[in-house]
Structures are given as C-alpha cells and as structure tokens.
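> Got a structure here, written out as structure tokens. Questions coming.
Just so it is clear, none of the values below were taken in a lab; they were calculated from the coordinates. Predicted model only: the values in this text are computed from it and were never measured. Virtual Cβ from ideal backbone geometry, glycine too; neighbours counted across all protein chains shown.
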C-alpha cells in the first residue's frame, strides 16, 4: 500500500506541476529585458511578442475602423497596427496619444499623432472629433501605468469602445502580477481594473487572449459585450 501511495504521489507531481511555474517563467523572461529589444520593421516595439500576435488576431476578428492608443513612445506599435491593416486590406486608422514627441516616430497615412495628456480635455475633444463617424472602435491603454491614471483613462475612454470590440489595459503584470513586486511602484493597471470592472458589467475579461500562457496584460483584454 505504501508503494502505491508513493507512485501516486509521484504521478501527481508529474501531472500537476507547481502552480507558479508560469509566473516564474514570466518573471524570468520579463527581467531578462529581451522583449525590450523587439523590433518591427526596424522600430522598437516595447511589448511581449505573445501580445503582438494576439493583437493581430484581434484586428482580424474585430476589423476595427480605428484604434485609439494611449501611449505612443517611439511609435513602433502604431506602425505595427498600420501595417497589419495594410496586409488585411482594411480601412483602419490609428490615433495615438503621448505627452512627448520622439524624433524617430514613423510616418504612415493611417497614423495620427496627438501630443498631450491622454486624460486632458483638449485631447479628449480631438479624439471624439476623429472617431465620431467610426462604427468599430478599439482602445489600447499603454501610457502612465499608475492606478489612478489608468482608472481615469478607463472612465474616459471605455465609452469609445463599440460592442464586440476590445479595451486593452497593458502592463497589468506589474505590482506583483507577477513582476515588480516590492519595488515601490505601487498599484497599477491591475488595481485600476479591479476598481473599474464592478461598475461596468458591459465589459468582460477575455482570458482566451492569454492562450500563450504568458501575457504582459493579464486580465487586461476587456471585451465589450455585443448586447
């Protein structure tokens, strides 16, 4: 009997690996900073390649008329979305917002750059004007990752998202989910979503967008329900 118990215990360890193995790999990969050297057509794209692939699938699935991106940086992701629209032969546009203009931002007919705070009245007015005639709108939040700022963006931008489309909250992995815990950065995107979602049942977390087991946006792919 003791022999069979030992065999069973060993099988359980094989079948049911440590529950934190994904988080351990996530942290190891994140702290390696390899992802920070990810390029698309020569432009840095500061995102996990897994998430870049998921964006490609979302664009094909939703076929948005416009993507509102808060957080431009060097413009690599905006160029990525623009080229995906080119390949898909869609009429998609990208409106990307940042407080700073980098000297090397790519130019593309689909990309509109707005300089200013994503939560300012001036920027909100410009965004509203640019998307007023768009039928399918997607929003990606990737600017200041502090909880209060992300929460304010969620409250200001969620109404732009059309049914069936996505509101993506990036870098929800910080503040211990599972990286940068105890480094003093404080609550971030994850905590902002915890405040936002209970009051907005029209949005649901789409865990299928984390199918590659590691995403820098855990629980951050928020789909607006179709009805």
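> Could you tell me the distance between the Cα centroids of segment 107-167 and segment 61-78, to the nearest Å?
Value for the Cα centre distance between the two parts: 9 Å.
> Please build a GNM for the chain, connecting alpha carbons under 10 Å apart, and tell me which residue among 119, 169, 161 fluctuates the most.
Taking springs between Cα atoms under 10 Å, the residue moving most is 119.
> If you don't mind, there's one more thing I want to ask. Can you give me the angle between helix 2-15 and the longest principal axis of the chain, using Cα atoms only, in degrees from 0 to 90, rounded to the nearest 10?
Helix 2-15 sits roughly 10 degrees off the main axis of the chain.
> By count of other Cβ within 10 Å, fewest leading, how are 48, 147 ordered? List each step's numbers first, then the result.
Details: 48 23, 147 20.
In order of increasing Cβ crowding within 10 Å: 147, 48.
> Which ordering of 227, 118 is given by a fewest-first count of other beta-carbon atoms within 10 Å? Each step should come with its number before you reach the end.
Numbers: 227 5, 118 26.
Taking fewest neighbouring Cβ atoms as first place, the list is 227, 118.
> Over all alpha-carbon pairs of segment 2-224, lay out the pair-distance distribution in 5 Å bins, whole %, shortest bin first.
Per 5 Å bin, starting at zero, the Cα-Cα P(r) for segment 2-224 comes out as 1, 6, 14, 18, 20, 16, 10, 5, 3, 2, 2, 1, 1, 0, 0 percent.
> Indicate the gyration tensor shape class of segment 115-227 (rounded, prolate or oblate), computed on the Cα atoms with a ≥ b ≥ c the square roots of the eigenvalues: a/c under 1.5 is rounded; otherwise a/b larger than b/c is prolate and the rest oblate. Display every interim value, and only then the final one.
Values: a/c = 2.07, a/b = 1.29, b/c = 1.60.
Note, shape of segment 115-227 comes out oblate.
> Follow-up. Count the DSSP beta bridges whose two residues both fall in the chain, then state the antiparallel fraction as a percent rounded to the nearest 5. Mind dumping the intermediate values first?
Values: 8 of 26 bridges.
Of the beta bridges lying entirely in the chain, close to 30 percent run antiparallel.
> Quick one: if the Förster radius is 30 Å, what FRET efficiency do residue 135 and residue 101 give, using the C-beta to C-beta distance and rounding to 0.05? Don't skip to the answer; put the middle values down first.
Working: r = 30 Å, r/R0 = 1.00.
After rounding to 0.05, the efficiency reads 0.50.
> Only counting other Cβ atoms within 10 Å, I'd like 100, 148, 171 sorted with the fewest neighbours first.
On the way: 100 7, 148 15, 171 25.
Going from sparsest to densest Cβ surroundings: 100, 148, 171.
> In addition: Determine, for each peptide in 66-72, 205-211, the mean count of other beta carbons within 10 angstrom over its residues, then list the peptides with the highest first.
On the way: 66-72: 25.4, 205-211: 15.0.
Sorting 66-72, 205-211 by mean packing, highest first, produces 66-72, 205-211.
> For the chain, take the longest principal axis of its alpha carbons; what is the angle in degrees between that and the long axis of helix 76-88, to the nearest 10 within 0 to 90?
Roughly 80 degrees, rounded to the nearest 10.
> Another question about this same structure. Which log10 I(q)/I(0) values does segment 31-154 give at q = 0.13, 0.16, 0.23 Å⁻¹ under the Debye formula, counting every alpha carbon as one identical point scatterer?
The Debye formula, applied to the Cα set alone, gives -0.51, -0.79, -1.57.
> To the nearest 500 deg cm²/dmol, what mean residue ellipticity at 222 nm is calculated for the chain from DSSP H runs of n ≥ 4 alone, each contributing -39,500 (n - 2.57), summed and divided by the residues? Working shown, then result.
Working: 7 runs with 83 residues, N = 227.
Computed ellipticity for the chain at 222 nm equals -11500 deg cm²/dmol.
> Compute the long axis of helix 147-157 from its Cα atoms, compare it with the longest principal axis of the Cα atoms of the chain, and write down the angle in degrees, 0 to 90, nearest 10.
Helix 147-157 sits roughly 50 degrees off the main axis of the chain.
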